[in-house]
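Have a look at the structure below, then the notes.
The values are calculated or read from the model by the stated rules, or taken from the named source; none is laboratory data. None of these values were measured; they are calculated from a predicted model. Cβ placement follows ideal geometry from the backbone for every residue including glycine, while neighbour counts extend to all protein chains displayed.
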Amino acid sequence: MFVDQVKVLLIAGKGGDGCVSFRREYRVPRGGPDGGRGGDGGNIYLVSDPNLNTLSYFRYHPINRAKNGAPGQGSNKQGKKGKDLYLKVPVGTVVRDARTGQILHDFLKPGEIYLAARGGRGGRGNASFATPTHQTPREFEKGKPGEEKELILELKLIADVGLVGFPNTGKSTLISRISAARPRIADYPFTTLAPNLGVVDVDEEKSFVVADIPGLIEGAHQGQGLGIQFLKHVERTRILVHVIDVSPLTGRDPVKDYRVIQKELKAFNPELLARKQVIVANKIDLLGDERKRLQAVKKLAAREKKPFLAISALIGEGVKELVQLLARLLFEEDGRLPAEGVLSQQKHEGKQQE
């Protein structure tokens, strides 16, 4: 089950109590105080794990406790420290204070470690209270309680490309065509109930991640459909691909569909409109002689000054060109590949195959 937001209670370990003890040895009638201090309580750490893609563990374990520190002992022996607790979270997890909503940490890379709750300090034993004028102290300190934190963990998927559009526009079919992802595909609204991630291999060394963002309809930012659950995943993407169904079977205006999705993105986070965007007209295999809808979307892309491609994800037409376009846009931006590197390499491979 895909779980992208949970509330958890983290309770760090309590520090061990200090010890009251006096040295007792043969021929040492007045042994001094030798009570050791208690061990510190265990800390709770959150660790980003690249192999995880859901917060489902916390759904069944909403309360997590670290071990308490052991009490001090005689002979000035300090109690054992409580064992630290390490909890794994997916990369892309945002940690918020449940009471204030303040962001405490944002896991952007694998292997990041965040101290979420600090263990209590162990109490001092009576040996720590000895002075020249107070040689037989019986005072000791109780261990301090560990921090108790109520947190909200929110997962925002990290992907290079986000596929957005109305239900049944072919986003799931497209991601299954260009990657190894195998989402559920059916001809009814809200078939996709969770974001799907797919890795697109450009060549032997380079790849990028695509996310299918489901459930966007008019009013998504207000909770209509499923969009309010998944709009947050769009925030991590570098390129947005508008997948628009241009087939006459929908009965909707494809240009209006684009406007609606843009409106929802702006209402959720205006900064999203500044991202690179590509407009893709899908299901051209169903157009027949009716080309007006396709031309309308093409003119829209020209007015918006956005890259445009017409494809059929079902039969694969135009899909390779789309992958090449996305790779070029991504790799030009971060300098991992020359501007024409992807295209020239794939053309060269194609000639060798011929």
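Is it the case that some residue within segment 257-266 is under 19 Å from residue 178 (Cα atoms) and either more than 31 Å from the chain's Cα centre (by Cα) or surrounded by fewer than 15 Cβ atoms within 10 Å (Cβ to Cβ) (or both)? No: zero hits. Entry remark, segment 134-145: residues being buried (at least 19 other Cβ atoms within 10 Å of the Cβ) and in contact with a strand residue (DSSP E or B) (Cβ under 6 Å, 6 or more places away or on another chain) number 0 in total.
Residues in segment 300-321 that are surrounded by 12 or more Cβ atoms within 10 Å (Cβ to Cβ) and basic (Lys, Arg): 306, 320. In segment 149-196, which residues are hydroxyl-bearing (Ser, Thr, Tyr), modelled with pLDDT of 70 or more and over 21 Å from the mean Cα position of the chain (by Cα)? Residues satisfying the conditions are 169, 173, 176.
Residues to consider are 59, 37, 30; find the one that is surrounded by fewer than 21 Cβ atoms within 10 Å (Cβ to Cβ) and part of a loop (DSSP other than H, G, I, E, B). So that I can check it myself, show each step before the final result.
Values: 59 fails: part of a loop (DSSP other than H, G, I, E, B); 37 fails: surrounded by fewer than 21 Cβ atoms within 10 Å (Cβ to Cβ).
After applying the criteria, what remains is 30.
Taking the stated definitions as given, is residue 280 touching a helix residue (DSSP H, G or I) at 6+ places or on another chain (Cβ under 8 Å), in the same structural domain as residue 170 (by TED's automatic domain parsing) and either exposed (fewer than 15 other Cβ atoms within 10 Å of the Cβ) or within 19 Å of residue 251 (Cα to Cα) (or both)? Yes, satisfied. The number of residues in segment 85-135 being part of a strand (DSSP E or B) and either among the hydrophobic types (A, V, I, L, M, F, W, C) or not assigned by TED's automatic domain parsing to the domain that holds residue 151 (or both) comes to 11.
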